[in-house]
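Reviewing the structure listed below.
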Amino acid sequence: MHPDIKIWLKDIEISIKEIYEFLPPDGSFDNFRNDLKARKAIERNIEIIGEAMKRLLDSKPEIKISGSRKIVDTRNRIIHGYNNISADVIWLIITRDLPVLEKEVEYLLKAGNI
């Protein structure tokens, strides 16, 4: 595996773990929506995931990660359209997309032949 690719995959893996750590202990959307610090910390980790994904795609466009382009687009929306990202959208990413991404990144890191 190319060293930079492993670094970017690890960055994604770490950011996913941090996102889960920032979630409210009870896992409720209402508590998430009302916790500005947690939302900002999670948005920052989504930015990191998007940047790492962009670098992965630039370096190895054939890499198979579900929704990879959407991940980069979300990063861009957070950074450039910061007032257009609702808590609902972030919550959907956390609950629907992150578990899939987490499994795919773990697989790629274990496979080691990227």
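The values are calculated or read from the model by the stated rules, or taken from the named source; none is laboratory data. This is a predicted model, so every value here is computed, not measured. Reconstructed Cβ throughout: ideal geometry from the backbone, glycine too, with neighbour counts over all protein chains shown. Ligands, DNA and RNA are excluded from the accessible area calculation, which covers all protein heavy atoms including side chains. Shrake-Rupley method; radii C 1.70, N 1.55, O 1.52, S 1.80 Å.
Across the range 1-48, the mean sequence separation of Cα contacts (distance under 8 Å, 6 or more residues apart), normalised by length, yields a relative contact order of 42 percent.
What a 1.4 Å probe finds exposed on the chain is 53% carbon and sulfur by accessible area, rounded to a whole percent. In this structure, residue 58 and residue 30 have a Cβ-Cβ separation that, at R0 = 41 Å, corresponds to a calculated FRET efficiency of about 0.60.
Applying a threshold of 20 Å to the alpha-carbon distances of 6/40; 40/103; 37/103; 17/110 flags 6/40; 40/103; 37/103 as lying beyond it. When peptides 58-64, 92-98 are ranked by their average number of other Cβ atoms within 10 Å per residue, the highest-first order is 92-98, 58-64.
In the chain, helices alone account for a calculated mean residue ellipticity at 222 nm of -23500 deg cm²/dmol, with every DSSP H run of four or more residues adding -39,500 (n - 2.57).
Computed from label points 7 Å out along Cα-Cβ, the spacing between residue 73 and residue 102 is 2.5 nm. For the range 1-97, the equivalent ellipsoid derived from the Cα gyration tensor has semi-axes of 25, 14, 11 Å, listed largest first. Given a 1.4 angstrom probe, what's the average accessible area per residue across the chain, in square angstrom? Using a 1.4 Å probe on heavy atoms only, each residue of the chain averages 59 Å².
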